[in-house]
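Visitor: Dropping the structure in here first, questions after.
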Amino acid sequence: MGVSHLPVLDRGSLSRSFALEDHPMPTGREEEWRFTPLRRLRTVLADAPADGHLEWSTTPLPPGVELVELEPAQARARTVEPPVDRAAALAVALSGGATALRIGDGVEVDEPIVLRAHGAGGDVRGHLLVEAGAGSRAVVVFERTGSATYSELVSVRLGDRAVLDVAFLQLWDDDAVHTGHIAALVGRDARLRTFTVTFGGESVRLVETVGYSGPGGSADLYGLYFADAGQHLEHRSFIDHALPHCRSNVVFKGALQGAGARAVWVGDVLIRADAVGTDTYELNRNLLLTDGARADSVPNLEIETGEIVRAGHASATGRFDDEQLFYLQARGIPEDEARRLVVRGFFADLLQHIGVPDVQERLMRAIDAELEQVRS
């Protein structure tokens, strides 16, 4: 299978290449880096060998599913898109190959496939592939915990009519740094859903790109993040509608609390001239729970054809709704419990989309733990 080179967004914000020389050291003046605290990313942007490692573990793999190691050349050839930034290019160059999760054609997996990575410190580079064969159906969960300075490229390929859910859970310790490029290619009449959940880490920057290899493809990108004092959580997405009759939907929600808590969401959608019948929408909502927190939300939409079903976006950032709090307290609910219920309600619809009860319950407990920090 060859590499799929998706065209660059017209505003020139993405450069796709495996070659490190095509990704110079950012200065912070570039559009794609202007929100990022580059001083925190010095290690992942430096061309230096990795000195750390992640402890990987997986749930038992069912029949028709395999986990294999790929040599560097083979890994590049099977990756759906070259890296869009320097950190991801370095991850590929220094990872020494890739780990590929392959789901065979027509294989339907009933239970989630969980891949856990735990860091014990140090710098780590990763290159991962998820390949869902034609007509397959599966749920894959990547869970990241512990401490590390981690950069990665994740390639997700869906064959025709495949149905794949992929959850990325960033549950790092407070001192972790994580950058990543998640690149997906959706086949004819295939359906992809991704869930990006970011709670832990000092600084996390994830870029998600989606392209289509056949008409009728569908992609839903869901995101949930909770930034505490001093945390920087940045999520970017670019959906390239180059083929007809495909759809996409992006919904990201975040809560922020504490001095210096920072969240960034940038959503780009490009509908090209041949992408007639496109249906796309993106939404970002941010909830500021305390003073001193800041959220930047930047939706972008480019349309090159008028023959579309729908194209739109919405973005809003606001403070905690005192009227909702008053309404609950007036009915005898204590303030702390009322606050918890409002924030739970803010995230509830996203959590329901995940569809994995254990993950939903764990994340709800994590939200409660975040709110407890404000209380204390």
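The values are calculated or read from the model by the stated rules, or taken from the named source; none is laboratory data. As the structure is a computational prediction, the values presented were derived from the model and not from experiment. Glycine gets a Cβ as well: all are built from the backbone with ideal geometry, and neighbour counts include every protein chain shown.
Visitor: Which members of region 299-321 meet the condition of being within 30 Å of ASP336 (Cβ to Cβ) and outside any loop (DSSP other than H, G, I, E, B)?
Guide: SER315, ALA316, THR317, GLY318, ARG319
Visitor: I'm checking my understanding of the structure. Among residues of region 134-183 that are aromatic (Phe, Trp, Tyr) and not in a loop (DSSP other than H, G, I, E, B), which one is farthest from ALA100 (Cα to Cα)?
Guide: TYR150
Visitor: Right, next: Out of ALA138, ALA120, I need the residue that is modelled with pLDDT of 95 or more, in contact with an Asp or Glu (Cβ under 8 Å, 6 or more places away or on another chain) and of a type in the set (Gly, Ala, Ser). Which one?
Guide: Residue meeting the stated conditions: ALA138.
Visitor: List the residue pairs whose Cβ atoms are under 6 Å apart, where the first residue sits in region 166-180 and is free of Cβ contacts under 8 Å to residues at least 40 places away in the same chain, the second is among the aromatic types (Phe, Trp, Tyr), and the two are 6 or more positions apart or on different chains.
Guide: Short answer, once both residue conditions are applied: PHE168/PHE142; HIS178/TYR150.
Visitor: Let me ask another. Please tell me if HIS245 is more than 27 Å from TRP33 (Cβ to Cβ), out of contact with any Cys (no Cβ under 8 Å at 6 or more places or on another chain) and either buried (at least 23 other Cβ atoms within 10 Å of the Cβ) or not aromatic (Phe, Trp, Tyr) (or both).
Guide: Yes, satisfied.
Visitor: Let me ask something else about it. Here are some residues: GLY258, GLY267, GLY277, GLY254. Which one is outside any strand (DSSP E or B) and under 26 Å from THR317 (Cα atoms)?
Guide: Within the list GLY258, GLY267, GLY277, GLY254, the selection yields GLY258.
Visitor: Would you call ALA167 assigned by TED's automatic domain parsing to the domain that holds SER95, modelled with pLDDT of 95 or more, buried (at least 23 other Cβ atoms within 10 Å of the Cβ) and of a type in the set (Gly, Ala, Ser)?
Guide: Against the criterion (assigned by TED's automatic domain parsing to the domain that holds SER95, modelled with pLDDT of 95 or more, buried (at least 23 other Cβ atoms within 10 Å of the Cβ) and of a type in the set (Gly, Ala, Ser)), ALA167 does not qualify.
Results for (1) touching a helix residue (DSSP H, G or I) at 6+ places or on another chain (Cβ under 8 Å); (2) surrounded by 13 or more Cβ atoms within 10 Å (Cβ to Cβ), shown as yes or no for each residue.
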residue: ARG39; (1), (2): no, no
residue: ARG42; (1), (2): no, no
residue: ASP51; (1), (2): no, no
residue: GLU69; (1), (2): no, no
residue: GLU81; (1), (2): no, yes
residue: ARG86; (1), (2): yes, yes
residue: VAL92; (1), (2): yes, yes
residue: ASP110; (1), (2): no, no
